[in-house]
1. Are there any pairs, at least 6 apart or on different chains, whose C-beta atoms fall under 7 Å, with the first in the stretch 98-112 and farther than 11 Å from residue 41 by Cβ and the second assigned to a loop (DSSP other than H, G, I, E, B) and open to solvent by 30 Å² or more (accessible area, probe 1.4 Å), and if so, which?
2. Please identify the pairs in which a residue from the stretch 310-328 that is closer than 21 Å to residue 152 by Cα and of a type in the set (A, V, I, L, M, F, W, C) has its Cβ atom under 6 Å from the Cβ atom of a residue that is open to solvent by 10 Å² or more (accessible area, probe 1.4 Å) and in a helix (DSSP H, G or I), counting only partners at least 6 apart or on another chain.
3. Condition first: surrounded by fewer than 24 Cβ atoms within 10 Å (Cβ to Cβ) and either closer than 20 Å to residue 233 by Cβ or not polar (S, T, N, Q) (or both). Now tell me which residues in the stretch 577-588 satisfy that.
4. Please enumerate the residues belonging to the stretch 382-421 that are in contact with a helix residue (DSSP H, G or I) (Cβ under 8 Å, 6 or more places away or on another chain), within 18 Å of residue 518 (Cα to Cα) and among the aromatic types (Phe, Trp, Tyr).
5. State the number of residues belonging to the stretch 50-70 that are touching a helix residue (DSSP H, G or I) at 6+ places or on another chain (Cβ under 7 Å) and open to solvent by less than 50 Å² (accessible area, probe 1.4 Å).
6. Among the residues of the stretch 475-506 satisfying the criterion of being free of Cβ contacts under 8 Å to residues at least 24 places away in the same chain and not in a helix (DSSP H, G or I), which is surrounded by the fewest Cβ atoms within 10 Å (Cβ to Cβ)?
7. Can you find even one residue in the stretch 447-463 that is of a type in the set (Ser, Thr, Tyr) and surrounded by 16 or more Cβ atoms within 10 Å (Cβ to Cβ)?
8. When only residues in the stretch 598-622 that are open to solvent by 40 Å² or more (accessible area, probe 1.4 Å) and in a loop (DSSP other than H, G, I, E, B) count, which is farthest from residue 279 (Cα to Cα)?
Amino acid sequence: MDRDETVNVVSPGAYVVSDGAGDIGRFGGQGLFYRDTRHLSKFILRVDGEPPVPVECRGQGSRIEFFLSVATGGVRVERRRTLGGGMEEEILLHNGTEEVEEARVDLEFDADFEDIFAVRGYRRASERGEVSREVEDGVLYFSYRREDFRRGTVVRVSGERIEPVVEPGNVSVRLRVGAGETRTLRILVRLEEGGVGVSPGEWSAALYGEAPVLDTGWGDLAGVWRQSLEDLRTLAFDAGDGLRVPAAGAPWYMALFGRDALITACQTMLLGVEPAKNTLRALARYQARDYDDFRDSEPGKIPHEIRHGELAHFGEIPHSPYYGTADATPLFLILLEEVWRWTADVEFARELELPARRALDWLLEKISSDERGYIAYEARSTAGLRNHGWKDSEDSVLFRNGERAETPISLCEVQGYAYEALTRAAALSEYAWGDKAFAGTLCGEAMKLKARFDRDFWMEDRSYYALALDGSGHRVDSITSNAGHLLWSGIVPEDKARVVVDRLLGPELFSGWGIRTMAVGEEGYDPTSYHNGSIWPHDNALISEGLRRYGFRREANRIATALVEAAPYFDQRLPEVFGGYQREEGAGPVEMPRSCSPQAWAAGTAPSLVRTMLGLDPKNQKLATDPSPEGNVPGLRLSGVTAFGNQHKVEG
């Protein structure tokens, strides 16, 4: 175990970034974070003046254990950390000798209450508020105030037969550890927001708690399934009014992201519909009502990202919320219809009819106002994102020669999402909202979009769909994974599906571990880049489901198998992204250090793949399966799948 290794511990509430010994504060990005604020910037353990040496680290979900060695005789040290609405830690000193050992334990604490964006490198323009550090009755109190923005951290150290010496920022304890004895220090960290303590019980209700039971003889699939469920549960948080939704990922994206939450909910429908319903309700609460260039807001848009730290609170960053996404709005409509498809819950569909109609107004207005008839984006915010698709890095929309596309940009997959949203909303309109005329209008718009999309985006010379159209209407002609999402949305004509599938699984895109985001041979290709040659599990899961939609079951299972076989190299936790290098015998996939771990739609990949392998779909208020006879997992079974208010058992 390396002391410099970064360790993330996540709970449905707070999360910690530490080093391999459990210490916080040796590097700038470490801390105990809650709602976009760092509540502990230092928590360092010393035994007899020396830092313990990490030996091993074991964790699951919101609990982790650090096993440490120290220079003091035969004493061994263990840190047991548990997260919730705050943090609890036990520091155990084990004396394995036959002699009494004396040890001094020193603990350093501090809280800078820095905003998560500033921790990540954002240069604030404003003056900070006031941080106070006090000791009262042996308890450390840290507090921060800037006008009406208030946060607090309370630290208490206790234990049997101990008398801690407490000073601002420091606690020292002298311990006498008998032969074979274990002495325990207990550290309780409680958090405050707005002068009110955060209750640990606030985070106790489980999301994905009643998930189906998977039965399979494929050990790797069983392992990645278990880890995915654990990650989905720990990433859940309260988005307001008790609506528990999946956060995007740790350590930096523990917040409600529209696109991420919507896709994760789509991926995990077979685990239960409550996360999807919560996500839709939460995002509807933040749906844009007006135009605001700073926040890239337009009436009807579903938000991209919502933050609750100091910088968002005072409007120094646009995330209150920020609307720089072209795809969250059609994805909102897709998920709403998917919930209706799994539940036949007309009451819920009508509950969200108004926000759904607002979303459709935005979608139809974007299409009609664009001279080519597509959803195009152009960042208006000086503090926002340049690109508004799921590949939202600065260089994610490149021509074949490596040049960046100029805005406004019409991404191919966004048009696919729009087509699917119009089609699904038509079904909602007719069967749930009782508006057949509007349903006919939506179907007509969908068919026209499909026809012109195939005309304008198909590259005859490359036998593939363009990544995008740029501001001048030129096809952005690099070969990427984005076109695989077109199969998921159903916008690809049947006569072109085979050609697209063959390209997706050809050697330039398919590495053996998954489909790359950009093909080998394109000027912008880099297997370690964020979006131009790396492999994203969620991207592959959507493509795999798209292949199933078009009847390419063997190919869909090939992608699923590759991802499941990659999982053991990441301790069964599929990462956000990994390297796009070619698979070679005896070598595993290449980890990328900046990848989020855990991450929501990566955790949603395993349930999505199981659905693909089983051919699982709700149809006519029944749960139907159509497992592939070729390349499927024998004996694959799921018990306890909830659909239409009943529990189902499905098997392949």
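1. That search, which allows pairs on different chains as well, returns 98/179; 99/179; 100/179; 101/73; 103/48; 104/48.
2. 311/117
3. Within the stretch 577-588, the first condition is being surrounded by fewer than 24 Cβ atoms within 10 Å (Cβ to Cβ), and the residues that meet it are 579, 581-588.
Those that are surrounded by fewer than 24 Cβ atoms within 10 Å (Cβ to Cβ) and either closer than 20 Å to residue 233 by Cβ or not polar (S, T, N, Q) (or both): 579, 581, 583, 584, 585, 586, 587, 588.
4. Kept after step one, since they are in contact with a helix residue (DSSP H, G or I) (Cβ under 8 Å, 6 or more places away or on another chain), are these residues of the stretch 382-421: 382-384, 389-391, 411-421.
Okay, now just the ones that are also within 18 Å of residue 518 (Cα to Cα), so 389-391, 411-414.
Result: 390, single match.
5. Filtering the stretch 50-70 for residues touching a helix residue (DSSP H, G or I) at 6+ places or on another chain (Cβ under 7 Å) gives 60-62.
Those still in the list that are open to solvent by less than 50 Å² (accessible area, probe 1.4 Å) too: 61-62.
Of the residues in that region, 2 qualify.
6. Among them, the one singled out is 506.
7. Of the stretch 447-463, the ones of a type in the set (Ser, Thr, Tyr) are 463.
Adding the requirement that they be surrounded by 16 or more Cβ atoms within 10 Å (Cβ to Cβ) leaves none.
No; the residues of the stretch 447-463 include none that is of a type in the set (Ser, Thr, Tyr) and surrounded by 16 or more Cβ atoms within 10 Å (Cβ to Cβ).
8. Initially, the stretch 598-622 is screened for residues open to solvent by 40 Å² or more (accessible area, probe 1.4 Å), giving 619-622.
Still in the list and also in a loop (DSSP other than H, G, I, E, B): 620-621.
Numbers: 620: 25, 621: 23 Å.
Among residues in the stretch 598-622 that are open to solvent by 40 Å² or more (accessible area, probe 1.4 Å) and in a loop (DSSP other than H, G, I, E, B), the one farthest from residue 279 (Cα to Cα) is 620.
The values are calculated or read from the model by the stated rules, or taken from the named source; none is laboratory data. The structure displayed is predicted, hence computed values, not measured ones. As a convention, Cβ positions derive from the backbone with ideal geometry for all residues, glycine included, and neighbour counts pool all protein chains shown. These accessible areas exclude ligands, DNA and RNA; they are computed on the full protein's heavy atoms, side chains included. Shrake-Rupley method; radii C 1.70, N 1.55, O 1.52, S 1.80 Å.
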